[in-house]
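Inspection log for the structure reproduced underneath, given as structure tokens.
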Amino acid sequence: MNKGKQRKHILIVDDEQITLRALREEFSAAGYVVTTACDGQTALEQLVRQHFHLLFLDMHLPRKSGMEVLRECRIHAPDTLVVIITAYASVETAVDAMRMGAADYITKPYNIDDLLARAERLLAAASVLEPKASSPEGTNLEFLGSDPQIQNIRRTVERVRSIPTSVILTGESGTGKGILAKQIHYTGARAKRPFIHINCAAIPENLMESEIFGHERGSFTGASQTQKGKFELAEEGTIFLDEIGLLPLNLQSKLLNVLQERTFERVGGSQSIPLKARIISATNEDLERAVAESRFREDLYFRLNVIRIDIPPLRFRKGDIPALAEMFLARFQKKLDKRVQSIDPTFCQALMRYDWPGNVRELENALESAVALSGDGPLTPDALPMRITQQIADYGDVLPPMPKTVFKTYLEQQEANAIRSALKRFGGHRGKTAEYLGISKRTLQYKLKNLGLTGQE
């Protein structure tokens, strides 16, 4: 049995119990940890409670459709690979699902060996994204850097990871607030409990209260059954309120009351449910300014801001860029099956001259693009996206010197283009072309012969 497979958690969702039992037996025998669900709502609750490496998702399900589960999976479990199972007649739907982020699809009837092979292939391709830190949930806990500010953050995380105190993470978009929140959770006393990510900017305002607190059957139009909210599903784990600065004011009031009383009620319900989870929030907003402008409640701000961790932007810790680049190079070499030898010193020079407004996330994307477009040699600055190189001051200074042979060829190409353009302008007339170019007719004739061009006398 492959030890790597022992760590792979798979969720299989299908409304046919016989199918679920057969797949559970086959995947368990192959070394996977298998969880099953027979409806969309149960599947979503499982996805919220724990991390799965892979999800086999039938499109036609009771309670919530496969497409609804996929849509919410992209929000709450973005790292989970999703394979759609569909009838042949609904292949078009499967294609739509892949546009939404599904990794693959398979049509019914299918061969179980094919499912096993696809699982192995997809998980092998994604294995490079496994965290270096120990986490049974498979969460990426890499928060690299030797900058004194990063070292201080690590010390703070060490102190707060196992206490229930509220923590707020601040920093620009792409600095790693989500990674740090997971690090606090998965290295602390609540590691075995759920980590519930709530993106306050991604959930429609009219659905947010129900999503967070749950609802009772019949509490509003479309509430055909009772549904637990994220706060209830978190149990004794961690609730991560991402983009907290964008939480609507009416919900800010309700959240404040929940944090004060440590209880909440489902929408349309009267039973008090205890809040047992720890709260970690994050924002790229200036909450002090938001308070001053009456966009964020001051009392809620003080309730959340017990321990504050400010993550610096990448432009303020550029000394960490080479180590981050090496890490991303190793990751994408495996992911993209590329054999890039190394990072040329000029490549690092270019990275250091750019301010990275998108921070570590932008650097990661740039490295993926560079590796994807590179050959087998070392990474050089010309592999970077043009949108980046155009903003690097004195970019030409970091480019490696052009070999003489290459430079000669480049000049010859430029010269040939100039002659072709002039010939076209004067209808192929050599005399007028030579005069226009400032060379003798004889010289032009010589160049035309070498270039294999023709022209009129």
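Does the stretch 190-211 include one or more residues that are assigned to a helix (DSSP H, G or I), among the hydrophobic types (A, V, I, L, M, F, W, C) and at negative phi? Yes, the stretch 190-211 contains at least one residue that is assigned to a helix (DSSP H, G or I), among the hydrophobic types (A, V, I, L, M, F, W, C) and at negative phi. List every residue pair whose Cβ atoms lie under 6 Å apart, where the two residues are 6 or more positions apart in sequence or sit on different chains, the first residue falls within the stretch 315-331 and is farther than 9 Å from Leu367 by Cβ, and the second residue, located anywhere, is in a helix (DSSP H, G or I) and not aliphatic (A, V, I, L, M). Hits for this filter: Pro322/Cys348.
Identify all residues within the stretch 336-352 that are out of contact with any Gly (no Cβ under 8 Å at 6 or more places or on another chain) and under 13 Å from Ala370 (Cα atoms); write none if there are none. Those that are out of contact with any Gly (no Cβ under 8 Å at 6 or more places or on another chain) and under 13 Å from Ala370 (Cα atoms): Leu336, Lys338, Arg339, Ser342, Ile343, Asp344, Phe347, Cys348, Ala350, Leu351. Within the stretch 227-253, the residues that satisfy the criterion of being out of contact with any Gly (no Cβ under 6 Å at 6 or more places or on another chain) and part of a loop (DSSP other than H, G, I, E, B) are Ala234, Glu235, Glu236, Gly237, Glu243, Leu247, Pro248. Being modelled with pLDDT of 75 or more and in contact with a Cys (Cβ under 9 Å, 6 or more places away or on another chain) is a description that does not apply to Val69. Sub-6 Å Cβ pairs linking a first residue in the stretch 342-356 that is in the same structural domain as Leu324 (by TED's automatic domain parsing) and of a type in the set (Gly, Ala, Ser) to a second residue that is part of a helix (DSSP H, G or I) and surrounded by 15 or more Cβ atoms within 10 Å (Cβ to Cβ), at least 6 apart or interchain, are Ala350/Pro381; Ala350/Val398, ordered by first then second residue. With respect to the conditions (1) within 31 Å of the chain's Cα centre (by Cα); (2) farther than 26 Å from Ile184 by Cα; (3) free of Cβ contacts under 8 Å to residues at least 40 places away in the same chain, Pro248 falls short on a single one, namely (3). Counting only residues that are crowded, with 20+ Cβ neighbours inside 10 Å and not aliphatic (A, V, I, L, M), the stretch 246-270 holds 2 of them. In the stretch 156-174, is there at least one residue being without any contact (Cβ under 8 Å) to a residue 12 or more places away in the chain, more than 28 Å from Ala43 (Cβ to Cβ) and not β-branched (Val, Ile, Thr)? Scanning the stretch 156-174 turns up at least one residue that is without any contact (Cβ under 8 Å) to a residue 12 or more places away in the chain, more than 28 Å from Ala43 (Cβ to Cβ) and not β-branched (Val, Ile, Thr). Can you report the number of residues in the stretch 12-44 which are touching a helix residue (DSSP H, G or I) at 6+ places or on another chain (Cβ under 6 Å) and assigned to a helix (DSSP H, G or I)? The number of residues fulfilling the criteria is 4. Taking the criterion of being surrounded by 18 or more Cβ atoms within 10 Å (Cβ to Cβ) and among the hydroxyl-bearing types (Ser, Thr, Tyr), the only residue of the stretch 20-34 that qualifies is Tyr32.
Of all residues in the stretch 189-216, those that are closer than 27 Å to Pro312 by Cα, crowded, with 18+ Cβ neighbours inside 10 Å and in contact with a Lys or Arg (Cβ under 8 Å, 6 or more places away or on another chain) total 4.
Per the listing Leu241, Leu169, Leu180, the residue uniquely aliphatic (A, V, I, L, M), farther than 18 Å from Leu255 by Cβ and buried (at least 19 other Cβ atoms within 10 Å of the Cβ) is Leu180.
The values are calculated or read from the model by the stated rules, or taken from the named source; none is laboratory data. The shown structure was predicted, so the numbers you read here are calculated from the model rather than taken from an experiment. In this analysis, Cβ positions are derived from the backbone assuming ideal geometry, glycine residues included, and neighbour counts consider all displayed protein chains.
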